[in-house]
Amino acid sequence: MNILLLYPRFPDTFWSFRHALKFIRKKASSPPLGLLTVAAMLPAEWQLRLVDLNVSQLNPRDLEWADYAFISAMTVQRASAQKAIEACQQAGVKIVAGGPLFTSEHETFPAVDHFVLNEAEITLPQFLADLQAGQAQRVYATDDYPDLQQTPIPRWELVNFKHYATMDVQYSRGCPYDCDFCNITALFGRRPRLKSGAQIIAELDRLYQLGWRGGIFFVDDNFIGNKKLLKQDLLPALIRWRQGKTGLLFSTEVSINLVDDPELTMMMVAAGFTTVFIGIETPSEASLAECNKFQNKNRDLVESVKILQRAGLQVQGGFIVGFDSDSPGIFQQQLDFIQQSGIVSAMVGLLQAPLGTRLYARMQAERRLLPEISGNNVDGSTNIVPKMGFETLLTGYRQLLSQIYSPRLYYERMITFLKEYQPPRLRVAVSGEHLLALWLSIYHLGIRGVERAYYWKLWLWVLSHRPRLFPNAITLAIYGYHFRRICELNG
């Protein structure tokens, strides 16, 4: 059996980093971890071929070769997924689809032959058994959650590493919190399920054996969902594993209550974590209560961010406007918070209600639900009717984005962050990619860019005050170029 693993293209979004990746001659942030994990569950005798449409084109010869196309996608990839399905259908290739997009809305894809929904550890074996028996059904779904300690090592050998900036691994699924706009608990439950430390080390060993020496993103929706086991098992194993190794720095997503556990914070930094994404959402206590984000309430969020920065973690933040409790003053409040906290990578989106969330159910009951969600955090779209009024919300939102990614405020925010940031001394080899990125930043930002005056002021400040952070400063300057391009494209 010849299996084509087909991954749809992401549009230009905040997290695609497509405009920043050009500075290091990469095509995509990371390969499709879900498909690579599914690949490891398929029969060993099957022939597999990965086509990631973010780094290559779908070749007619691939379709001629394939017996089945396995497609996985997220909501934001909907348009590309539909085109890929049409290409497979025209070529007579049977289609098997799974992942978040299809789990949420498989009824809207009539051309798909088989849906393997929810978590593949449960539904894929059922499909494979029926396929072998010649009686495969159209839909496989489950309400159960698998034991991740049975999940195999992804098939990274199918990937051409040179196209990607980072690799992904997954330690856990599920989140103990229940924010009403988030569909993670609907998809994966509130009890975090974990791989063992030994499993993660085996995955990292495989990546290392294949030659990977770059960054690694732990894709967990809340890496610290089970603090006790994290401190007892995985983090000590990571600390031991990284001894003597160059590179392989980690990033992940956590909740703000990481700041309440200094021991855990120190262990993460010692294990090689340098960056954490946190859903800050809003500085408004009323809006935090409205969306059930109680882990963020009753704390000084600015100081919480700075504590993590001083501990050696760069904080990336997610922010939302458009809660029912929001007044037009929320845009200035968000701007002030982002600038004061020094969160350089600040993703601000309009409130959206994914299918399966309590927010979706409430908007449906109030008849405030619009037809479709884009899945794009910064395109200015929403599938709910905001109480503020859509024109007021959209005008304030676009003005907020234009401000936080204007060169003046962006570079001010970088310096605010760099004043606080106290990273440990890590062994990181300087590569040709780093030198290329430096040169291209000089050319595109320092010579041709609208931010060139701020760019050279940043050089002077960093070299005179925090020279050890010069690489961080250049990286963030390049990120700013990407964020401004995204704002322009969605403006």
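The values are calculated or read from the model by the stated rules, or taken from the named source; none is laboratory data. Not measured: the values here are computed from a predicted model. Backbone-built Cβ (ideal geometry, glycine too); neighbour counts: all protein chains shown.
Worth pointing out:
- Flag if Ser251 is in contact with a Phe, Trp or Tyr (Cβ under 7 Å, 6 or more places away or on another chain), under 14 Å from Tyr171 (Cα atoms), among the polar types (S, T, N, Q) and modelled with pLDDT of 95 or more: yes
- Members of the stretch 316-325 found to be within 19 Å of Met347 (Cβ to Cβ) and touching a Lys or Arg at 6+ places or on another chain (Cβ under 9 Å), listed by number: Gly322, Phe323
- For the stretch 189-206, the candidate set comprises residues that are out of contact with any Leu (no Cβ under 7 Å at 6 or more places or on another chain) and surrounded by 20 or more Cβ atoms within 10 Å (Cβ to Cβ); within that set, the residue that is nearest to Pro386 (Cα to Cα) is Pro192.
- Check on Ile415, touching a helix residue (DSSP H, G or I) at 6+ places or on another chain (Cβ under 9 Å), part of a loop (DSSP other than H, G, I, E, B), on the phi < 0 side of the Ramachandran plot and not acidic (Asp, Glu): no
- Once the stretch 336-373 is narrowed to residues that are assigned to a loop (DSSP other than H, G, I, E, B) and out of contact with any helix residue (DSSP H, G or I) (no Cβ under 7 Å at 6 or more places or on another chain), the residue that is nearest to Gln314 (Cα to Cα) is Leu351.
- Entry remark, the stretch 128-159: residues being part of a loop (DSSP other than H, G, I, E, B) and either without any contact (Cβ under 8 Å) to a residue 24 or more places away in the chain or loosely packed, with under 13 Cβ neighbours inside 10 Å (or both) number 9 in total.
- Among the residues making up the stretch 104-122, those that are assigned to a loop (DSSP other than H, G, I, E, B), surrounded by fewer than 18 Cβ atoms within 10 Å (Cβ to Cβ) and not hydrophobic (A, V, I, L, M, F, W, C) are Pro110, Asp113.
Residues are listed down the side, and each one gets a yes or a no for (1) over 25 Å from the mean Cα position of the chain (by Cα); (2) modelled with pLDDT under 95; (3) part of a helix (DSSP H, G or I); (4) farther than 22 Å from Phe273 by Cβ:
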| site | (1), (2), (3), (4) |
| --- | --- |
| Tyr397 | no, no, yes, yes |
| Gln403 | no, no, yes, yes |
| Arg427 | yes, yes, no, no |
| Trp439 | yes, no, yes, yes |
| Ile442 | yes, no, yes, yes |
| Leu445 | yes, no, yes, yes |
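- Test result for Leu194, over 22 Å from the mean Cα position of the chain (by Cα) and at pLDDT 95 or above: no
- When the stretch 208-252 is limited to residues that are aliphatic (A, V, I, L, M) and touching a residue at least 60 places away in the same chain (Cβ under 8 Å), the one that is surrounded by the most Cβ atoms within 10 Å (Cβ to Cβ) turns out to be Leu234.
- Odd one out for Ile95 among (1) over 22 Å from the mean Cα position of the chain (by Cα); (2) at pLDDT below 95; (3) of a type in the set (A, V, I, L, M, F, W, C): (2)
- Scanning the stretch 169-180 for residues that are surrounded by 19 or more Cβ atoms within 10 Å (Cβ to Cβ) and within 21 Å of Glu119 (Cα to Cα) yields Val169, Gln170, Tyr171, Ser172, Arg173, Gly174, Cys175, Tyr177.
Here is a yes/no grid of residues against (1) over 20 Å from Pro125 (Cα atoms); (2) of a type in the set (Gly, Ala, Ser); (3) in contact (Cβ under 8 Å) with a residue 12 or more places away in the chain:
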residue	(1), (2), (3)
Ile24	yes, no, yes
Leu42	no, no, yes
Asn54	yes, no, yes
Ser72	no, yes, yes
Gln82	yes, no, yes
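- Looking only at the stretch 74-103, and only at residues there that are of a type outside the set (Lys, Arg) and assigned to a strand (DSSP E or B), the one that is surrounded by the fewest Cβ atoms within 10 Å (Cβ to Cβ): Ile95
- Qualifying residue in the stretch 31-43 (condition: under 30 Å from Ala477 (Cβ atoms) and either modelled with pLDDT under 95 or part of a helix (DSSP H, G or I) (or both)): yes
- Verdict on Gly197 being touching a Gly at 6+ places or on another chain (Cβ under 6 Å) and among the small types (Gly, Ala, Ser): no
- When Gly342, Gly356, Gly375 are checked against the criterion of being under 23 Å from Gly99 (Cα atoms) and surrounded by 19 or more Cβ atoms within 10 Å (Cβ to Cβ), a single residue qualifies: Gly375.
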